[in-house]
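Data block below; observations after.
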Amino acid sequence: MLNFGSKPHGTAFVAAGAFTLLAVLCLIYSVGIYLYRSKAIRTRRASAKFYDRWGPNVLCGALFLAVGLNFGFETHQKGWW
C-alpha cells in the first residue's frame, strides 16, 4: 500500500494499517473456525455447524470497504475530485 502512490503520505499509512489489521482479523477468524471444526470432527459431534452465515460476509464487506476508502483517499489526494 505504501508503494501505491508516488510518495508515502499519511493516508497511505492509514490504508496500509487498515489492510494489515484486516489481514490479521482474517487469520484469527480462519484459525478459530478451523479449530472449532476440527474439534467437532474429532469428537464426532453431529450438531456442529459447518456453515457460517455471517463471518465470510463480514470479512468481504470489510475488505470492500477498505478498498473503497483507499480508492477514495488516493483519488482525493491526487486531486481528481
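Answer yes if at least one residue in segment 50-57 is within 29 Å of K78 (Cα to Cα) and either part of a helix (DSSP H, G or I) or modelled with pLDDT of 85 or more (or both), and no otherwise.
no
Can you find, within segment 28-40, the residue that is modelled with the highest pLDDT among those that are surrounded by 11 or more Cβ atoms within 10 Å (Cβ to Cβ) and of a type outside the set (S, T, Y)?
Step by step, filter segment 28-40, then rank; the result is G32.
Note down all Cβ pairs under 9 Å where the first residue falls in segment 31-44 and is in contact (Cβ under 8 Å) with a residue 60 or more places away in the chain, the second is surrounded by 11 or more Cβ atoms within 10 Å (Cβ to Cβ), and they're at least six residues apart or on different chains.
Pairs found: none.
Restricting to segment 27-81, name every residue that is among the aromatic types (F, W, Y) and touching a Cys at 6+ places or on another chain (Cβ under 7 Å).
Correct list: empty.
Cβ-Cβ below 7 Å, separation at least six or inter-chain, first residue in segment 5-27 and part of a helix (DSSP H, G or I), second aromatic (F, W, Y) and at pLDDT below 90: which pairs?
These pairs meet every condition: T11/F73; A12/F4; A15/F73.
The values are calculated or read from the model by the stated rules, or taken from the named source; none is laboratory data. Being a predicted model, the structure only gives us computed values, none of them experimental. Don't worry about glycine lacking a Cβ; one is built from the backbone with ideal geometry, like all the others, and counts go over all protein chains shown.
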